[in-house]
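The values are calculated or read from the model by the stated rules, or taken from the named source; none is laboratory data. In this text the structure is predicted, and so the values were computed from the model without any measurement. Methodologically, a virtual Cβ is constructed for each residue, glycine included, from the backbone with ideal geometry; neighbour enumeration extends over all protein chains shown. These accessible areas exclude ligands, DNA and RNA; they are computed on the full protein's heavy atoms, side chains included. Shrake-Rupley method; radii C 1.70, N 1.55, O 1.52, S 1.80 Å.
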Amino acid sequence: MPNFSPGDAKSLNEINSDHNPVSFEIDINANIPAITKVLKTTNWIKFTDHMQNLIPGNPTINTISDIEDSISKFTSSILTAINQASKSKLIKGAHRKFPPNITKKITLRNQLNKRLQITFDPRFKRNANRLTNEIKRNIEIHNQDSWKD
C-alpha cells in the first residue's frame, strides 16, 4: 500500500490459526502529497522498431549464467524500448466525472472491445465503434452543459 512504512502494520499472533489479524497504525494528521495524474502514451510502431534494433539474434546459451544474462539483457531492452517509444503528459486540473449514462456506455464499449480481441467477430467492432461515436457526442454535450453552469 502506498504511503505506509513497514512499521505501520503488525501481525498479531493472538489466535491459534494460520491467519493472523493485522493491526495498522495510521496517522490521520499525516500530510499526504497529492496524486499526480500522468497520461502515458506509447507509439507501438516505434517500440517494435526499437526492439528489433536492441535485441541481437539468437544468443549462445551454454550455462545458467548465460540464461540469466540473456534474460537481463532482454528485460533491459524492453524497458529501454518502452521508454524511448513513450511520451508522458502531466494532466492538470480536476478529474472529470461523467454522468452514469456515459460511464455505462464506456464500460459496455470496453467489454465489446475485449470480446472483439477474443473472438475477432466484426459485429463487436461495429457496435464498439458505434458506441465510441455516441460517447464522443455525449461528452461534447456534457462539456457544453457544464460550461453553462
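Figures for the structure shown
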{"item": "Residues being part of a helix (DSSP H, G or I) and open to solvent by 90 Å² or more (accessible area, probe 1.4 Å) - total across region 76-99", "result": "3"}
{"item": "Selected residue (only one of Ile91, Ile67, Ile78, Ile118 is more than 24 Å from Trp44 (Cα to Cα) and without any contact (Cβ under 8 Å) to a residue 60 or more places away in the chain)", "result": "Ile67"}
{"item": "Scope region 61-74; condition part of a helix (DSSP H, G or I) and surrounded by 10 or more Cβ atoms within 10 Å (Cβ to Cβ); matching residues", "result": "Asp66, Ile67, Glu68, Asp69, Ser70, Ile71, Ser72, Lys73, Phe74"}
{"item": "Region 116-147, residues that are more than 17 Å from Ile102 (Cβ to Cβ) and either open to solvent by less than 80 Å² (accessible area, probe 1.4 Å) or not in a helix (DSSP H, G or I) (or both)", "result": "Leu116, Thr119, Phe120, Asp121, Pro122, Phe124"}
{"item": "Inter-residue pairs, beta-carbon under 8 Å, first exposed (fewer than 14 other Cβ atoms within 10 Å of the Cβ) and in region 100-115, second at pLDDT 95 or above, 6+ apart", "result": "none"}
{"item": "Filtered residues of region 69-103 (kept if within 24 Å of Gln144 (Cβ to Cβ) and among the basic types (Lys, Arg))", "result": "Lys92, Arg96, Lys97"}
{"item": "Odd one out for Leu108, checked against (1) part of a helix (DSSP H, G or I); (2) on the phi > 0 side of the Ramachandran plot", "result": "(2)"}
{"item": "Residue list for region 33-60, restricted to those being part of a loop (DSSP other than H, G, I, E, B) and at pLDDT 90 or above", "result": "Asn43"}
{"item": "Enumeration of residues in region 19-31 that are in a loop (DSSP other than H, G, I, E, B), open to solvent by 100 Å² or more (accessible area, probe 1.4 Å) and not charged (D, E, K, R)", "result": "His19, Ile26, Ile28, Asn29, Asn31"}
{"item": "Condition broken by Lys87, with the remaining ones in (1) modelled with pLDDT under 85; (2) charged (D, E, K, R); (3) under 30 Å from Asn143 (Cα atoms) satisfied", "result": "(1)"}
